[in-house]
Amino acid sequence: MPKIYRANLTGVFGDPVDANPTVVLQEAGFNALGLNWRYLTIKVTAKNLADAFKGFKAMNFSGINLTMPHKIEALKYMDSIAQSARLIGAINTVTVDADGKLTGHNTDGQGMIESMREAGIPLAKKRLVILGAGGAARAIAVECALAGVKEMTIVNRSRAKGDELAALINNNTECSAAYIPWKGTAQIPECDILVNATNIGMYPNTDKPDIDYSAIKPGTAVIDVVFEPAITPFLSEAEKHGAKIYDGLGMLVNQGAIAFGLWTGLKAPKAEMAKALKAALSDV
Ligand code: NDP
């Protein structure tokens, strides 16, 4: 039996992408399971995405992640799109089947759902408030609605994106969604789960979303998508009002673990992946 030197290639296409930490997460997973797989952080500008996918196929990549600005544009290079990714209208993970056909998935919202499941936060019949209506918010809103959330309020600055997301949820799921414009200090309705899906608070920014924190009832599950720092000013302020807080690392590890499973067909070694990611982020 000849020794196999060729590795299975995965990675991420993005621009900017230099500071994307996913390589640490995925390579820790490959190493923990002794897999000869690699994850490459690849700068691909918007105009080069078509060529990047030609290279992906020519070099027999086993899968790829997509980050900005490619999550929507990449849809056109897929042979099929997973159901929730189609609803979300964006993909962050590509798998390749035995015939070389590409399928687009979106693991962001699923990662959030899995981190809620791990934390014991129930979703069925619950009321959710989401701050933001960008890519992360869309993925979380769709997956939460499909997972049984009953009422959803989307708070966003730009009306067009907020209205569009509320309509998407109302027209495609059993969940009832409403949009609230975000002007000045947002008054949020009573809820069971509050998610910050804006980039407010991401290092080096130290702001917190401008909402009326006194509206948070003790025991509310408050979750941030921002993962650096782990405990953001948003989470600290919510905790002062009695919330149970959950950082963005849970979503980050789980969206990566789902992609790992899609590519390798194996259960991701999440503990090792999370440990490596936390060590890398605490180094910054
Ligand atoms: P987008 O650019 O698609 O969306 C950003 C959203 O934030 C928009 O709704 C925007 O509102 C809102 N926003 C930005 N600044 C402000 C502000 N000052 N006041 C009010 N609203 C604001 O970004 P993404 O959705 O892709 O990413 C959002 C965050 O989620 C990023 O920090 C990203 O790193 C993080 N993320 C974390 C993941 C994880 O696994 N933990 C996974 C994916 C993303 P408007 O529409 O009005 O412009």
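The values are calculated or read from the model by the stated rules, or taken from the named source; none is laboratory data. Note that this is a predicted model, so its numbers are computed, not measured. In this analysis, Cβ positions are derived from the backbone assuming ideal geometry, glycine residues included, and neighbour counts consider all displayed protein chains. Surface accessibility is based on the protein's heavy atoms, side chains included, excluding ligands, DNA and RNA. Shrake-Rupley method; radii C 1.70, N 1.55, O 1.52, S 1.80 Å.
Per-structure values
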{"read-out": "Of residues in region 198-235 being under 14 Å from LEU249 (Cβ atoms) and touching a Pro at 6+ places or on another chain (Cβ under 7 Å), the one farthest from the ligand (Cβ to nearest atom)", "value": "TYR203"}
{"read-out": "Tally, over region 1-19, of residues that are loosely packed, with under 15 Cβ neighbours inside 10 Å and not charged (D, E, K, R)", "value": "7"}
{"read-out": "Options ASP97, ASP15; residue that is of a type in the set (Asp, Glu) and within 18 Å of the chain's Cα centre (by Cα)", "value": "ASP15"}
{"read-out": "Candidate set: region 65-85, residues that are modelled with pLDDT of 95 or more and more than 16 Å from the ligand (Cβ to nearest atom); chosen: the one surrounded by the fewest Cβ atoms within 10 Å (Cβ to Cβ)", "value": "LYS76"}
{"read-out": "Scope region 120-173; condition among the polar types (S, T, N, Q) and either within 13 Å of the ligand (Cβ to nearest atom) or not in a helix (DSSP H, G or I) (or both); matching residues", "value": "THR153, ASN156, SER158, THR173"}
{"read-out": "Given (1) free of Cβ contacts under 8 Å to residues at least 12 places away in the same chain; (2) open to solvent by less than 50 Å² (accessible area, probe 1.4 Å); (3) of a type outside the set (Asp, Glu); (4) farther than 25 Å from LEU25 by Cα, index of the condition ALA98 fails", "value": "(2)"}
{"read-out": "Complete set of residues in region 245-269 that are free of Cβ contacts under 8 Å to residues at least 40 places away in the same chain and either part of a helix (DSSP H, G or I) or open to solvent by 10 Å² or more (accessible area, probe 1.4 Å) (or both)", "value": "ILE245, ASP247, LEU249, GLY261, GLY265, LYS267"}
